[in-house]
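Beneath this line is the structure, given in structure tokens, with notes to follow.
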Amino acid sequence: MQLLKDRIIKDGVVKPGNILKVDSFLNHQMDIAFINELGKEFKRLFADKPINKVLTIEASGIGIACITAQYFNVPVVFAKKAQSVNLDGDMYTTKVESFTHKKVYDVILSSKFLGPEDHVLIIDDFLANGCALLGLIDIVQKSGATIEGAGIVIEKGFQEGGAKIREMGINLKSLAIVEEMSDDSLTFRADEE
């Protein structure tokens with residue numbers, strides 16, 4: 001998606017350790033008009049799927065998932081990274097290691113929001129090593145729901161996450177795939193669509 005690639009080049013910052021900061025428009029301060037275009041693109045990419053739920057993980061994926069879900073006219077469900085007093089009943093749980101935070105989270109989703117009748121589109125902002133996405137896939141599988149696809153805004157193609165997910169047979173669509181990055185340049189994979 002050229003719009004996204006242009007924005008990453010213009011406003012993204014590469015930090016040591018293969019960190020790509022896009023917090024000025026995507027996952028800290030959110031440019032809603034821009035994210036609206038991302039949501040439209042996810043709708044186009046998955047328009048032929050019978051999606052009735054959009055699933056993400058807190059926190060950075062929530063805004064993107066909400067805007068995407070409006071195009072499918074379906075609810076968003078998000079997995080939480082911490083137990084809270086208002087979570088009750090049966091839960092699906094899995095462990096997820098955060099690439100950016102270097103921390104392992106127990107990820108939790110109430111079973112009343114996801115079940116065998118659901119057709120799920122997973123949405124997230126980044127895909128690096130694939131830990132968050134694998135955790136969400138695990139939750140969907142535990143629920144008995146059907147994974148219709150996974151939509152990622154930015155995939156780091158030089159890390160193994162995307163390959164792992166595709167090898168599982170998941171319909172993975174990334175709006176921009178960064179093949180290489182250094183302090184002063186980014187190289188993107190050519191669009192597949």
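What follows draws every value from the coordinates through simple rules; no lab data is involved. Here the structure is a predicted model, which is why all the values come from computation and not from measurement. A quick note on method: Cβ atoms are made from the backbone with ideal geometry, for glycine too, and the neighbour counts reach across all protein chains shown.
Per-structure values
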{"read-out": "In order through region 111-120: 3J(HN,Hα) via Karplus (6.51 cos²θ - 1.76 cosθ + 1.60), integer Hz, x for Gly, Pro", "value": "5, 6, 9, 8, x, x, 7, 8, 10, 10"}
{"read-out": "The chain: calculated mean residue ellipticity at 222 nm from DSSP helix runs of at least 4, using -39500 (n - 2.57)", "value": "-9000 deg cm²/dmol"}
{"read-out": "Protection proxy ranking of 70-78, 48-56 - average other beta-carbon atoms within 10 Å, highest first", "value": "48-56, 70-78"}
{"read-out": "Where a label projected 7 Å from the Cα of residue 106 along Cα→Cβ would reach, residues of region 50-83 with amide N under 20 Å", "value": "57-59, 78-83"}
{"read-out": "Between region 88-148 and region 1-75, the alpha-carbon center distance in angstrom", "value": "18"}
{"read-out": "Lysines whose Cα lies under 25 Å from that of residue 49, excluding same-chain neighbours fewer than 8 positions away", "value": "40, 112, 142, 164, 173"}
{"read-out": "For region 140-148, Karplus couplings with θ = phi - 60° (6.51, -1.76, 1.60), whole Hz, Gly/Pro x", "value": "4, 5, 4, 7, x, 6, 9, 8, 8"}
{"read-out": "Considering only the chain, percent of DSSP beta bridges that pair antiparallel, nearest 5", "value": "45"}
{"read-out": "Once the Cα gyration tensor of the chain is diagonalised, semi-axes √(5λ) in Å", "value": "26, 18, 16"}
{"read-out": "Sum of side-chain charges, residue 34 neighbourhood, beta-carbon under 15 Å (Lys, Arg +1; Asp, Glu -1)", "value": "-3"}
